[in-house]
Structures are given as structure tokens and as C-alpha cells.
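These notes concern the structure reproduced below.
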């Protein structure tokens, strides 16, 4: 048996309940893993509220680290006793132990501890696919400006560091002066407090009126319209979340009037759909972390029993960096 967090219906944090679940043996292509730490992500809120529809009852959680206890038929990249970490579909990481598909589970390098492993996989792989695989026309080169919203969050602080290592000038936005300072400390070339400043005007000022080549946006409705106006002609609006709610529908014609710009809605799980690509991206992330170019900042820890409070704090934007659930 394993303690796990489930919801029986969509709603607020109060719907998160601790239950006991039975954990069986792994089938073909599966592993059984005992968790050491669990990552908290905003996608967990989307699942809980029903923004992303899932069947009920639902065991939440998309990221964790632990020890592989058993492997099913056909699993060759892992064995019992391996240290491992993952960002995974389907959800289910909010638990002590689970059986899950092995495809997106990666062996965790000895140089990376379990808490860091749990905090870095979904957020770090997201930063990887954004900066390396979700690129504007002509790509990105050293010195280019990019705009990254929620720059003091888990994905944001990783992206700030990685962008600096790539020679990019990342303009980060955040909701307080303290969060802006945190983004700058982690490599943002500029940081804008969108609660006190017009980020569109500041982006144009910083870039000498040219705008940025790409906007990476996980905020959604609150930042969408002005973000489009921050782009250079042929620029790319890369949406990968909607923390403030989904953007309003818009006419495709607006993309022409704003400079023949591109819009894309990305998701990590399309990128890591194959074992080979998942491992390639993870290897790139592991190299960035073990080299010291990217440090994984864990600012909040909650025991499994306090997961309701973790969700409240995340939704209230009280968190910075990465958050983990401890066991």
C-alpha cells in the first residue's frame, strides 16, 4: 500500500485528500518506483481545477525522484536499485510509491541529489524545449533579446540561467521588486515588475524600439495582448501555460497587422513523446546542472500532508523558484 493524494472532483485545494492505494507489479514497459521527493507544478493546479480535463478519481503530480524497485518486460534503460527522476504522463507522482510507464523515467546522475532531481525534471525539461527547440524564424543567436514571463518561478529561474549561458539577453517579468531582483541574480539581463510598470513600454525601451524575437509566456490572459506587441516582425509568441487563465479568442488577421508574427502553444509531453528524445533532452539538462551553468533553487518544501497549503501558496503566487513535496 502507498499513501497518495487524490481528488474525486474538480475544485479548490480542499479537494486534495490523502488515501491509501494498492501498488502492484509493473507490466510490460513499466517500472515500480518508491519516491524520495515530489515536484509541485502549476499544471497540477490545472488538473485539480479542471482547466485540463482528466478522468476521476485523479491522483495528481507530474514530477518526482526515487529508487526503482522493479522493472517490467522490455524495460532496458533502468533496473531495480537505480536512482531515477521523471516528468511524466499520466499524472500520479503525489504518492509514496507507484507503477508507471518507464518511457520518460531517466536514470539520475549520482552528482544530483533526490530533492534536486524531483524539482528539476518537468521545469528543467520545459526550459530546455523552450530555449533549444521552440525558436523564432532564423533561430536565436548570442545577443538576441527574449521576453520571459514569470521569470522568478521554477521554470523562469532555470531559463534565466540557461539563457545567460547561451548568450541571450533575457528580459524577465515578475510581480514584485523582490522577484525581479531574484530573476536578475539568476541571469536575467533585465527584469520588469509588471504590477508597477508597463512591461510593453519597458521592453520597447530596453530594445531600442525593436522588440524581442520571442516571448515565452506561461501566464496567459493577463499578458497576452501586450506580449504580441513586444515582438519584432516575424517574431514568435510561445505560449506554454495559462496561470491567469486562457487568452481570449483572437482573429488570425491580427498576426498580420502586428508584423507577420507567429503563435504556438507548446507542451512538454509532445517533445518527450519518444524515449530517445526524452533522454537526449534530459542529458542536456543534466549536463547544464552538473556543470554549474544552471542551479536548481528549491525555496519551498511541504510534507505530503500539507499539499493543500502548497497549492494555495502556488496559486497565490507566494512561491519562488522550485517547490517540492517531501516524504
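Is it the case that the stretch 90-97 has a residue that's within 18 Å of the chain's Cα centre (by Cα) and modelled with pLDDT under 95? Within the stretch 90-97, one or more residues are within 18 Å of the chain's Cα centre (by Cα) and modelled with pLDDT under 95. Of all residues in the stretch 200-216, which are in contact (Cβ under 8 Å) with a residue 40 or more places away in the chain and assigned to a helix (DSSP H, G or I)? Matches in the stretch 200-216: 203, 206.
Filtered by the rule that a residue be surrounded by fewer than 19 Cβ atoms within 10 Å (Cβ to Cβ) and either at positive phi or over 16 Å from the mean Cα position of the chain (by Cα) (or both), the stretch 116-152 gives 135, 137, 138, 139, 141, 142, 143. For residue 75, the stated conditions do not hold, so it cannot be described as in a strand (DSSP E or B) and either without any contact (Cβ under 8 Å) to a residue 40 or more places away in the chain or surrounded by 17 or more Cβ atoms within 10 Å (Cβ to Cβ) (or both).
Candidates are the residues of the stretch 170-187 that are surrounded by fewer than 20 Cβ atoms within 10 Å (Cβ to Cβ) and over 22 Å from residue 142 (Cβ atoms); the one that is nearest to the chain's Cα centre (by Cα) is 175. Here the strands (runs of 3 or more DSSP E) wholly within the stretch 243-327 that include at least 2 residues being in contact (Cβ under 8 Å) with a residue 12 or more places away in the chain and surrounded by 16 or more Cβ atoms within 10 Å (Cβ to Cβ) are 298-303, 322-326. Taking the conditions (1) surrounded by 18 or more Cβ atoms within 10 Å (Cβ to Cβ); (2) touching a residue at least 24 places away in the same chain (Cβ under 8 Å) in turn, residue 190 satisfies each one other than (2). Just a yes or no: is a residue in the stretch 11-21 under 23 Å from residue 285 (Cβ atoms), in contact (Cβ under 8 Å) with a residue 60 or more places away in the chain and assigned by TED's automatic domain parsing to the domain that holds residue 315? No, the stretch 11-21 contains no residue that is under 23 Å from residue 285 (Cβ atoms), in contact (Cβ under 8 Å) with a residue 60 or more places away in the chain and assigned by TED's automatic domain parsing to the domain that holds residue 315.
Looking only at the stretch 127-152, residues that are outside any helix (DSSP H, G or I) and within 12 Å of residue 240 (Cβ to Cβ) come to 4 in all. Of the residues making up the stretch 201-221, those that are buried (at least 17 other Cβ atoms within 10 Å of the Cβ) and over 17 Å from residue 263 (Cβ atoms) are 202, 203, 206, 207. When the stretch 54-77 is filtered for residues that are in contact with a helix residue (DSSP H, G or I) (Cβ under 9 Å, 6 or more places away or on another chain) and more than 28 Å from residue 113 (Cα to Cα), the ones remaining, listed by number, are 54, 58. Against the criterion of being more than 22 Å from residue 151 (Cα to Cα) and modelled with pLDDT under 95, residue 280 does not qualify. The single residue among 195, 93 that is in contact with a strand residue (DSSP E or B) (Cβ under 9 Å, 6 or more places away or on another chain), assigned to a loop (DSSP other than H, G, I, E, B) and surrounded by 24 or more Cβ atoms within 10 Å (Cβ to Cβ) turns out to be 93.
The values are calculated or read from the model by the stated rules, or taken from the named source; none is laboratory data. Here the structure is a predicted model, which is why all the values come from computation and not from measurement. Note: ideal-geometry Cβ built from the backbone for every residue, glycine included; neighbour counts use all protein chains shown.
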